[in-house]
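These notes are about the structure you will find just below.
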Amino acid sequence: MSRCDLMRRCAGVCLLMLSVQLLGCGGAPANTEKLVPVAGIVTLDGKPSEGITLMFSPSDNSATRGGWGVTDAQGKFKVTHNVKNQPGLPAGDFTVTYSRFTMLDGSPIPAGKPPADVGGVQSLSPVWNDPSKAGPHNKLTIPAEGAPNLELKIDTKLRG
């Protein structure tokens with residue numbers, strides 16, 4: 001697969017993730033949703049990993065508009081609601097997709113540079129970043145009291 005084909009595929013996955021978020025706009029208006037804290041740590045093959053983007057999409061596409069987070073150097077993240085731009089999500093069932101772009105050699109994308117501009121590639125398998133491959137490995141329920149200490153594990157051996 002050429003680099004151009006790979007970039008088109010990555011762009012397609014990103015557009016699909018965005019459209020899933022936008023299509024899931026049914027249910028309660030965003031301004032009436034009660035947000036609860038959602039945060040935690042992401043490990044990649046057992047080690048905290050920086051630069052992973054998480055997208056939380058409502059499993060039934062009706063209760064919420066979802067949210068997102070990005071891991072820091074310790075693998076920690078906090079979720080921000082897509083519409084309210086405030087911390088947290090409504091309680092409910094979610095599908096989490098993960099995305100991490102790196103340079104071809106696996107090194108980090110240079111700060112302030114879009115992956116497409118510097119030849120970045122998606123480093124995670126589609127089983128983790130393609131909403132159409134959702135399964136038990138990326139489903140979770142946010143309880144009414146929130147989930148401030150999630151432990152989310154990405155296993156690169158899992159392929160779809």
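The values are calculated or read from the model by the stated rules, or taken from the named source; none is laboratory data. Remember, predicted model here, so these are calculated numbers, not experimental data. Glycine also receives a Cβ, built like all others from the backbone with ideal geometry; neighbour counts cover every protein chain displayed. All accessible areas refer to the heavy atoms of the entire protein, side chains included, with ligands and DNA or RNA removed. Shrake-Rupley method; radii C 1.70, N 1.55, O 1.52, S 1.80 Å.
The one condition from (1) open to solvent by 50 Å² or more (accessible area, probe 1.4 Å); (2) hydrophobic (A, V, I, L, M, F, W, C); (3) in contact with a Phe, Trp or Tyr (Cβ under 8 Å, 6 or more places away or on another chain) that residue 124 does not meet is (1). Here is the figure for segment 103-121: residues that are in contact (Cβ under 8 Å) with a residue 40 or more places away in the chain and closer than 21 Å to residue 46 by Cβ total 1. For residue 154, the criteria (1) at pLDDT 90 or above; (2) over 16 Å from the mean Cα position of the chain (by Cα) hold in every case but one, which is (2).
Among the residues of segment 92-117, those identified as surrounded by 15 or more Cβ atoms within 10 Å (Cβ to Cβ) and within 17 Å of the chain's Cα centre (by Cα) are 92, 94, 95, 96, 97, 98, 99, 100, 101, 102, 115.
How about segment 143-160: which of its residues are in contact with a helix residue (DSSP H, G or I) (Cβ under 9 Å, 6 or more places away or on another chain) and open to solvent by less than 40 Å² (accessible area, probe 1.4 Å)?
First, the residues of segment 143-160 that are in contact with a helix residue (DSSP H, G or I) (Cβ under 9 Å, 6 or more places away or on another chain): 152-156, 158-160.
Result: 152, 154.
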